[in-house]
Amino acid sequence: MADPDPQLWSLVSGSVLDDPARAEEAAGRDDGHPAVEPARRRVLAAGDPAAVERLCLLATERPGLAAWCDEHALRPQRDTVYAAYLLLRGDLPRYEALDPAGHLLRGAFADVSPAVRRRLIAAMSAAHLDAATVATGPDRAAAARLLWEMPVTEAVAAVRSFGDWRPPGPAAAAVFDRLAAADPDVMARAAAEVPALPAGFAELALSGDGTRLAGLQYGPRKGVFEPAITEWDIDTGRALSHYAVPYDPDDPGRARPGRRRDGPRLLVHAGDTIIAVDPHGIGGYAGGHRRTLDPRGDYRSVARLGDGFAALRSDGLVVLGTATRITARHRQRGGHFVRLAAAPDGAHLAILAHEQLIVLDGHGREVQHRGPADLAPPELVGVGLMGVAFHAADGLAVLLSAATRERPPERLPAVIVWLRLTAGRLHREGVSRHRGMDIDVLDGTGLLALHSRNRRVVGVVDPRRPAAPPPHAEHLAGARVTAAAGRVAADRAGALTVRPTPGPHLLNRPMRDVGPGDVTRLAAAVTAGAGTPAVRAAMALLHACTLARLDTEISLGDLGVRPGDEDIALGGAHAPA
């Protein structure tokens, strides 16, 4: 049995057993992990039909999980998905008895994920069923439209069922010709070789240009969960560097057996180096090695500052540094310093203490400070400062806890005070109500993320429309998030999503959901040599088909492109092309 990872091992102790997503993740394992049985009991007790449905579909490729589903008579509740479930398990007699005309399987194409749909097409082929005809009936035009609901690698396999038939219009026919000319074996390899994104992070950070992801993960060693920092190239999935914190029984950060050892935290990038705070101070991690930049500890907050960084200690010491050294130190008056934020242009810093907000210039010199009573509007009392973030070079958002002056007073979950920095002076522009314990900027998107105490997202705010939740941001809920240059990486329940999607991962999306902005990313990924030869061939095919589709839709005066998950980056005018 493989060593247990700490996140799933914690399920055994019950510390996160009440998290349905984590329980489902563990229940789906098929490797004898000790977290599996208590997690499966939790799933049974919860009785969530959607969770049962997902586990049943997963069981079609995991024998141990399938036996458990059979033992407890579990099956997908929706008949459409049940039909797909029977076919994926190879139970053709029961499938044919349930769905002799293929109507249920037709609905299953819309009800299952792209990954399951890909396996479903393969299972239909093995059962000598025509995927396009079963999914749409005898209407060839409807079957042709179905291809756009498939990833390009699936469409190449499905298009062969059309024979010489082509849809009307030269552009649509040309797309069919391209799909029919592609090698299905190469496309099958491409689907299997799309680089997997890492997951299961305690912390994560994107590089300033959004191309590299650094993650802190824990693995068991000598009874203690030991930390390691790894950096990946997002487009290729290739690990660029790895640093496992050396085991030292006398290390001040060493945990008790069965617990996590204190490791690096507060990760940010400074050029090609990862900056992190650990029990030995501030370290720079690059090329699998650690360089000590400041041996003092008790740093509470770190922010990227241009190609360098700024860090704040609890006693008010602010240090500015590069990847190789500390360049300046400034000490602030007061106490209980907790948070540091940097403006996107690096011209200002904001420091949050229990009783004051301090604004510094980019060299660490104080520009202005304000107390809670100066920040909050007069109708609020009992004000406490919780978080601060720059949403623009001259725009600050300060997160407060407060109550109204009403009798009895109403305690508000959280309040954001919107400030503008003009000529070194702060001016209040507005107030909005939210919930959260901390706030951070999603760099390059024009959006702000509100966090819980354990740094998971509980809300996303557009500064220009604070009362209206931004569209397409729901996949960030409950995730650990990092952002840079308009790219957002979110780790939730052990799964990592990146938006805008890297070129190779667009192969997993239905062709209809690949939009104009993705064309550029596909071309760049092919040019940069991202992925294996099969992946690059599939990306080139998807690029050509998307261009042809958009050209057809533009000529008809209707783009017809649905907004996808991608558009988390579309906070407004700040969205990348």
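The values are calculated or read from the model by the stated rules, or taken from the named source; none is laboratory data. If you're wondering where the values come from, they're calculated on a predicted model, not measured in any experiment. Note that each Cβ is placed from the backbone with ideal geometry, even for glycine, and that neighbours are counted across all protein chains shown. Ligands, DNA and RNA are stripped out before the accessible areas are found, and what is left, the full protein with its side chains, is counted by its heavy atoms. Shrake-Rupley method; radii C 1.70, N 1.55, O 1.52, S 1.80 Å.
Enter the accessible area per residue of the stretch 427-560 (Å², integer; probe 1.4 Å; all protein chains in place).
40 Å²
With each label modelled as a point 7 angstrom along the Cα→C-beta vector, the Ala393-Ala495 pair spans 4.0 nm. Amide hydrogen proximity for Leu412: with H placed 1.01 Å from N in the peptide plane, the residues at 5 or more positions away or on another chain lying under 5 Å are Ala402, Ala403, Thr404.
Shown is the FRET efficiency for His336 and Asp19, computed with R0 = 51 Å from the Cβ-Cβ distance and rounded to the nearest 0.05: 0.95. The apolar share of the surface of the stretch 260-415, taken as the fraction of accessible area on carbon and sulfur atoms (1.4 Å probe, ligands and nucleic acids excluded), comes to 48 percent. Simple spin-label estimate for Val381 and Thr211 gives 5.7 nm between the two label positions (7 Å along the Cα-to-Cβ direction from each Cα). Annotation: per residue accessible area for the stretch 155-233 equals 39 Å², rounded to a whole number [probe 1.4 Å, protein chains only]. Any idea what the alpha-carbon Rg over 2.2 N^0.38 Å comes to for the stretch 268-415? That works out to 1.15 for the stretch 268-415. On a per residue basis, the stretch 325-385 carries 47 Å² of accessible surface, using protein heavy atoms and a 1.4 Å probe. Here the simple spin-label model places points 7 Å from the Cα toward Cβ, and for Ala171 and Asn454 these points are separated by 4.9 nm.
Decide, for the stretch 340-485, between rounded, prolate and oblate: order the square roots of the alpha carbon gyration tensor eigenvalues as a ≥ b ≥ c, take rounded if a/c falls under 1.5, and otherwise choose prolate if a/b is larger than b/c, else oblate. Taking the square roots of the gyration eigenvalues as a ≥ b ≥ c, the stretch 340-485 is oblate. The string of couplings for the stretch 68-85 from the Karplus curve (6.51, -1.76, 1.60, θ = phi - 60°) is 5, 4, 5, 4, 9, 6, 8, 8, x, 6, 6, 5, 4, 6, 4, 4, 4, 4 Hz, one whole number per residue in order, with x for Gly and Pro. Taking the three principal axes of the alpha carbon atoms in the stretch 456-555, the coordinate ranges are 41, 35, 22 Å, sorted in descending order. For the stretch 418-514, pairs of C-alpha atoms spaced more than 20 angstrom apart make up 45 percent of the total.
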